[in-house]
Structures are given as C-alpha cells and as structure tokens.
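The values are calculated or read from the model by the stated rules, or taken from the named source; none is laboratory data. Predicted, not measured: the structure shown is a model, and the values here were computed from it. Cβ coordinates were reconstructed from backbone atoms using ideal geometry, including for glycine residues, and neighbour counts include every protein chain displayed. The protein model used for the area step is the full one, side chains on, heavy atoms only, and it has no ligands, DNA or RNA in it. Shrake-Rupley method; radii C 1.70, N 1.55, O 1.52, S 1.80 Å.
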Amino acid sequence: LIGEAEAFTGNSLEEVEAFRIKFLGKKGLFNQYFSEFKNIPNEQKKAFGQTMNQLKTTVQDKVDTLKASLETTEEEGVYGDLTRPGDAIQLGSRHPISVVKNQIIEIFSRIGFDVSEGPEIEDDWHNFTALNLPEYHPARDMQDTFFIQTNPDVLLRTHTSSVQVRYMEANKPPIRTISPGRVFRNEAISARSHCFFHQVEGLYIDKDVSFADLKQTLQHFTTEMFGKSKIRLRPSYFPFTEPSAEVDVYWGLETETDYRMTKGTGWLEIMGCGMVDPNVLENCGIDSKEYSGFAFGMGIDRIALLLHQISDIRLLSENDLRFLNQFKSAL
Ligand code: PHE
C-alpha cells in the first residue's frame, strides 16, 4: 500500500481528493486495516503501528504536494507564477516645471483663485485684438509670433492672457483665476531663452479693485514662493494694462537665511503686471464703470531656473534622464 501511495500521480484536484478518500477517508483503507489492530499479536503490534503511521504520512504528504502544485498551475493560468519575485517598478520624478507650476497654483488657490486653461492654438481676437492690440498696433512686435495661418490669423499663443479673455467672455465678475500653460515665441534658442516656455497669468476683477490690492497679492505670492522677500515694482508698458509694472524680486545676500534664495545676484525681474485696461474689460463684455481689476503674468521656466540653480533653459525640454532624475525628491 505504501508503494502504491508513493507511486500515485494525480492530474487534477479531483483525482487527488479521490486518492485521499480511498486511503484516509472514514471507510478508507487506513481505517479498514487499523480496525485489525486488536487482532494483531502483541509482539507485532509495534511494527504494525509503525507501518500504519508510515502509510498515513506518505498519503498525507502526497496529497499536500500534489494539491499545492496543482493549485499553483491552475492559478498560473490566470495570474502567472505567483511565487516569482516581482519586478521593481521604475519610479519617475516630477518635471521641475510641474513642481514649480504646482507650487504657484497652490499658493493662489489658497487665496481663492481657480485654475483656467485654454487652447495653445489661438485666433487673433483672443491673443491680440481683445487685449487692446488692434491690427497694426506696434506692440504686437513685442511678442514675436508663430503664425499657422494668416487672414484670418491662426497662431500659437504668445501668452496665456488669451485664456483670461476667454474666461472673461464666459464668466461674470467677481473673477479670480490663474491660467497656467505653454506659450510660444519666435525667438532664437539659447541658454537663456527658448521658442516655447510656460506661464502662469493671473486675473482678479471685482468692484473697487485697486493697485494696492495688486501689490499686496504679489508680495504675498513672493513671500510664499521664495520665503521672506523684497519686491519692487518698476513702471512698464503692456497694451492690456494701465498702469503697468515689472516686478523684481531681490535675490540678495541679506536673504541668505532662506535656503531658496542663497545665490544672491541682486534684483531679478520675475513678472509683468498692471491694472486691466478698461478697453479690455469692455471687449470681453464687462462694464468698466462698475468693475476694475488687475492682471499679472510670470514665466514658470525662469522661476524654476532660479529656484533650482539651473544654468541652461534648454535642459528643461531635452528629457535628459540624468537631469530629470535629480528631481526625484521634489514634490
Ligand atoms: N502677457 C504678458 C506677457 O506675456 C504678461 C502680463 C500679464 C503683463 C498680465 C501684465 C499683465 O509678457
């Protein structure tokens, strides 16, 4: 019997179960033989007991091994070999542009701004005309444009101010929105400028919005973004804002206590801003006698370069893993 049990090979769980019942079931061979125990002469009882035990373990071991291997083959059909060690997953890292963009979005969402997006391919109205840049306006040359088609013009947006136009056309004040996105300018590519980059522009429109509100908002932003920081506003010109200003942040040695600004280089321009020109409000269907507002726009790439001490803007779009892997610990 032990020999028979050892030789058994079952091809399915049912066969193995039948084998088990045949030997170890209530009316199985084991019990049948064991019921003879009382009739065995005393001097043979020990040997008989040992043999019976051996039979029981042999059958039980056989059942266990066969069952285990049949169960895994059945599972394997569905899941593959579950006992194989897993393959390590290659974790990526967030792109520095995304890291900085998310930080900016978070700062402005905490003070009530929502996030708006629009198309990268724009028409003339949303990129220029509605923003107080009529045809032949010389300021159109401020932003070298990639045209996809002329008459009627279809172009790659040169700023995300176009999204603000769309937002004003679709929403009534009060408006508080930031528009992150990729923009394009027909410029020579160098370590400092690229033909595409990323912006976050902001727009706030309500009753009685003043220049003081703008300045306070920007100071709040730079403090959250760069730590305790000094800003200054220099008068500037944009067709869609009046008055307009350029915002500089002080990247100096006296702020060295803040790890984000250790490499001091003095005043650095980080964005443009101003009070939305009443013409722009009217173009977008907002009554400029009732409402006023401010707008600002900054380049994400430029800020990412500053914060992470990156010396060449081209690194941001080359997808070199040796560069990107350095941001594994960034959020
Ligand atoms: N749209 C401007 C640019 O791309 C930035 C800006 C936005 C300036 C809003 C003022 C107000 O350069």
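Judged by the ratio a/c of the largest to the smallest principal axis of the C-alpha gyration tensor, the range 1-64 counts as prolate, that ratio being 1.5 or greater while a/b is larger than b/c.
Short to long, the 20 Å bins of the Cα pair-distance histogram for the chain hold 24, 34, 10, 14, 15, 3, 0 percent of all pairs. Between the amide H of Ala245 and those of Ser236, Cys273, Gly274, distances stay under 5 Å, these residues lying 5 or more places away or on another chain, with hydrogens modeled in the peptide plane. Whole-Hz Karplus values for the range 222-235 come out as 5, 5, 5, 7, 10, x, 3, 9, 9, 10, 9, 10, 9, x Hz, taken residue by residue from phi with 6.51 cos²θ - 1.76 cosθ + 1.60 and θ = phi - 60°; glycine and proline positions read x.
Ligands, DNA and RNA left out, the 1.4 Å accessible surface of the chain is 51% carbon and sulfur atoms. The residues of the range 14-104 have, on average, 73 Å² of accessible surface per residue, using a 1.4 Å probe with all protein chains present. Near Met275: Cβ cut-off under 10 Å, other residues only, Lys/Arg at +1 and Asp/Glu at -1. The net charge is -3. For the chain, the longest principal axis of the alpha carbon atoms and the long axis of helix 161-170 meet at an angle near 80°. Ranked by the mean number of other Cβ atoms within 10 Å of their residues, highest first, the peptides 322-328, 297-303 fall in the order 297-303, 322-328.
Amide H to amide H, with H built 1.01 Å from N, Asp277 comes under 5 Å of Thr241, Glu242, counting only residues 5 or more places away or on other chains.
Counting each DSSP H run of 4 or more residues in the chain as -39500 (n - 2.57), what helix-only mean residue ellipticity at 222 nm follows after dividing by all residues, to the nearest 500 deg cm²/dmol? It lands at -11500 deg cm²/dmol. Over the range 177-324, one equal point on each Cα, no solvent: what is log10 I(q)/I(0) by the Debye formula at q = 0.13 Å⁻¹? Rounded to two decimals, the profile gives -0.67.
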